[in-house]
Amino acid sequence: MNKKITITSIKKSKGNTPLVMITAYDALFAKLLEPYADMILVGDSLNMSFAGKPDTLSSTMEQMLYHTNAVCAGANNSFVICDMPFGTYTDENIALKNAIRVFQETNADSVKIEGGEDKSHIVKHLVDNGIAVCGHIGLLPQSVRSEGGYKVKGKTTAEELQLIRDAQAIEAAGAFCIVIEGVKADVARVVANSVKVPLVGIGAGVDVDGQVLVFSDMLGLFEEFTPKFVKKYMDGASLVKEAVSNYADEVKTKKFPTEEYTY
Ligand code: KIV
């Protein structure tokens with residue numbers, strides 16, 4: 001059994017071996033992924049990959065609590081981060097009320113909230129009240145409707161300077177780690193060098209302090225679309241289809257169940 005990573009060792013990991021973060025949404029996969037991941041993120045991406053919605057915005061607290069409980073049950077030796085869904089941290093008090101639910105109703109170790117300088121007061125309020133917070137800067141999936149799409153960040157000097165301010169504000173507010181998404185690699189490197197906490201990248205190049213991928217993307221299970229930054233480590237969709245097609249054929253031709261599978 002691997003030893004659960006602590007906030008202290010996550011913070012100290014900067015400059016050492018990159019951190020491995022991966023999403024999981026249920027006990028079954030959490031258990032399979034646990035031995036290889038430093039941190040498991042119960043991302044609100046589950047609203048797209050598992051609930052079939054077009055974006056993450058309709059994700060709810062109840063949904064995140066349910067899935068976080070399942071992940072904690074399957075991987076009770078993992079450092080688990082629960083994503084705070086859209087609309088659940090609109091001010092400090094609402095954020096604290098919802099984050100307390102995560103800590104009281106699940107065994108999650110931390111919450112994650114999207115936003116930079118503009119959300120740093122919320123991160124600070126949570127941290128001041130005993131909630132560990134992972135930040136999330138750069139491309140913010142919860143802003144997809146207000147921004148009119150998923151826009152890569154760091155393309156202009158103004159954006160680069162804003163990303164540095166975002167990372168520094170979230171660090172100063174007390175976050176132990178920051179996800180940086182959809183940022184040009186050379187800019188992500190500069191942002192990573194501007195803070196002491198680890199920056200875990202997704203679509204942010206290799207020169208950050210760790211990587212996170214959505215597990216159903218990297219296993220090739222999610223077929224709707226594939227962002228440029230997703231490497232498929234297996235063709236899961238084809239494997240599932242082949243297996244289920246074989247099962248269906250064998251049921252129809254009465255090849256299954258044979259005596260081996262019969263009482
Ligand atoms: O919801 C999620 O899975 C995430 C990752 C993309 C970092 O926030």
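The values are calculated or read from the model by the stated rules, or taken from the named source; none is laboratory data. A quick note: this is a predicted structure, and the numbers were derived from the prediction, not measured. Ideal geometry is used to build each Cβ from the backbone, glycine not excepted, and the neighbour counts take in all protein chains shown. For accessibility, only protein heavy atoms count, side chains too; no ligands or nucleic acids. Shrake-Rupley method; radii C 1.70, N 1.55, O 1.52, S 1.80 Å.
Using the heavy atoms of the protein chains alone and a 1.4 angstrom probe, what is the accessible area of the chain per residue in square angstrom?
Accessible area per residue: 51 Å².
Work through the residues other than A75 whose Cβ is under 15 Å from its Cβ and net out their charges, Lys, Arg +1 and Asp, Glu -1.
Once positives and negatives cancel, what remains is -1.
Students often forget the sequence filter, so: which aspartates and glutamates lie under 12 Å Cα-Cα from K119 once same-chain residues fewer than 8 apart are removed?
Within the straight-line cut-off, K119 pairs with D91, E92, D166, E171.
Of the options A70, L163, Y233, report the single residue whose Cα projects farthest towards the positive end of the charge dipole of the chain (beta-carbon charges: Lys, Arg +1; Asp, Glu -1).
Positive-end residue among those listed: L163.
Tell me which residues come under 5 Å, amide H to amide H, from A204 once H is placed; ignore anything under 5 positions away on its chain.
So A204 has HN proximity to G182, V183.
Can you find, among A24, I81, L57, the residue sitting farthest towards the positive end of the charge dipole of region 20-138, where Lys and Arg contribute +1 and Asp and Glu -1 at Cβ?
Value computed over the given set: A24.
So which GluC sites (Glu not before Pro) in region 182-258 pass both tests, a DSSP loop state and at most 15 other Cβ atoms within 10 Å of the Cβ?
E223, E224
Can you tell me, using C-alpha contacts under 8 Å and at least 6 residues apart, the relative contact order of the chain as a whole percent? It would help to have the intermediate numbers written out before the result.
Values: 509 pairs, mean separation 43.0, N = 263.
Normalised by residue count, the contact order of the chain is 16 percent.
When the dipole is taken about the Cα centre of the chain, and only Lys, Arg (+1) and Asp, Glu (-1) are charged at their Cβ, what size is it in debye, to the nearest 20?
For this selection, approximately 400 debye.
How large is the Kirkwood hydrodynamic radius of the chain, counting all unique pairs of alpha carbons, in Å?
Evaluated on the chain, it is 19.2 Å.
In region 31-190, what percent of the accessible surface is made up of carbon and sulfur (1.4 Å probe, ligands and nucleic acids excluded)?
Solvent-exposed carbon and sulfur of region 31-190 make up 53 percent of the total.
Decide, for region 46-101, between rounded, prolate and oblate: order the square roots of the alpha carbon gyration tensor eigenvalues as a ≥ b ≥ c, take rounded if a/c falls under 1.5, and otherwise choose prolate if a/b is larger than b/c, else oblate.
Oblate, since a/c reaches 1.5 and b/c is not below a/b.
Nearest 20 debye, what's the magnitude of the dipole of region 1-51 about its Cα centre given +1 on Lys and Arg Cβ and -1 on Asp and Glu Cβ?
My answer is approximately 360 debye.
Checking the cross-link filter: which lysines have an alpha carbon closer than 27 Å to that of K241, excluding same-chain neighbours under 8 positions apart?
K31, K53, K228, K231, K232, K252, K254, K255
Note down the magnitude of the dipole of region 1-132 about its Cα centre, charges +1 on Lys and Arg C-beta and -1 on Asp and Glu C-beta and zero elsewhere, to the nearest 20 debye.
Details: 12 positive and 15 negative charges, 103 e Å.
Using only the charged Cβ atoms, the result is roughly 500 debye.
For region 139-215, restrict the atom set to alpha-carbon positions and state the Rg and Dmax in Å.
11.8, 33
As I understand it, the dipole of region 79-186 uses +1 on the Cβ of Lys and Arg and -1 on the Cβ of Asp and Glu, about the Cα centre. Which of F176, S143, G116 lies farthest toward its positive end?
Positive-most Cα among the choices belongs to S143.
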